[in-house]
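The values are calculated or read from the model by the stated rules, or taken from the named source; none is laboratory data. The shown structure was predicted, so the numbers you read here are calculated from the model rather than taken from an experiment. A quick note on method: Cβ atoms are made from the backbone with ideal geometry, for glycine too, and the neighbour counts reach across all protein chains shown. Just so you know, the surface numbers come from the protein's heavy atoms only, side chains and all, with ligands and any DNA or RNA stripped out. Shrake-Rupley method; radii C 1.70, N 1.55, O 1.52, S 1.80 Å.
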Amino acid sequence: MGMSSLKLLKFVLFFFNLIFWFCGCCILGLGIYLLIHSKFGVLFHNLPSLTLGNVLVIVGSVIMVVAFLGCMGSIKENKCLLMSLKEYVAEGLTESIQRYNSDNSTKAAWDSIQSFLQCCGVNGTSDWTSGPPASCPKGSAVKGCYIQAKQWFHSNFLYIGITTICVCVIQVLGMSFALTLNCQIDKTSQVLGL
């Protein structure tokens, strides 16, 4: 591989990592925004830190760090820098229903989910011992949120799958570019006697 191809590969790898860094910044920003302004609260009281905002902050931060290291590794040609559990979910959601009246963040989370999915409780209105809240839709054929969430994921599975595959393909391309650049750095070092 010639020196011009190596430089092209280096800048393509830098560009991909820069895009990932910007995406990480956006995810981090959205996570911080949700931590400050979101009505989504804690659904799993066994894991009180598992809120949408916290997850996005962590994911965004990890993506930013990895992409930054990839950018620096490609530009500096540094080799070191280049290189559901169904019952548990249902049980956690059922426990969070019991905290609906005592925890405002849990109340906000349930109200948002029930309004968005047009569902009530985990398995139905019978989950609410003191009667369903106002966010539950009216009617006798209202489904539980666990079933509605599964149906929503199944109906949007194609879009979720396509998005996941696209991200994976881009990640694999980025890793391929990094490995190719790594090999070329070795060859260049051997030729120059470093």
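What to note about this one:
- Potential extension, W128-V172 segment - 0.36 nm per residue separation minus Cα distance: 11.2 nm
- Taking a sphere under 15 Å around the Cβ of C136 and counting the other residues whose Cβ falls inside, with K and R at +1 and D and E at -1, yields a net charge of +1.
- Residues I58 and T188, FRET efficiency given R0 of 41 Å [Cβ-Cβ distance, rounded to 0.05]: 0.65
- Kirkwood Rh (inverse of mean 1/r, distinct Cα pairs), the chain, angstrom: 19.9 Å
- Sites F153 and V12 - FRET efficiency at Förster radius 25 Å, r taken between beta-carbons, to 0.05: 0.10
- By accessible area, using a 1.4 Å probe on protein heavy atoms only, the chain has 69% of its surface on carbon and sulfur.
- In the context of the full set of protein chains, the chain has a per residue accessible area of 64 Å² (1.4 Å probe).
- Spatially near lysine pairs across the chain, Cα under 13 Å, sequence gap of 8 or more or different chains: 6
- Sequence ranges 151-163, 107-119, 53-65, ranked by mean other-Cβ count within 10 angstrom, highest first: 107-119, 53-65, 151-163
- Residues whose amide H falls under 5 Å from that of C120, counting only those 5 or more places apart or on a different chain, are K143, G144, C145, with hydrogens built in the peptide plane.
- Difference of contour (0.36 nm per residue) and Cα-Cα distance, T94 to I160: 21.1 nm
- Put a dot 7 Å past the Cα of A141, heading toward its Cβ, do the same for A108, and the two dots end up 3.5 nm apart.
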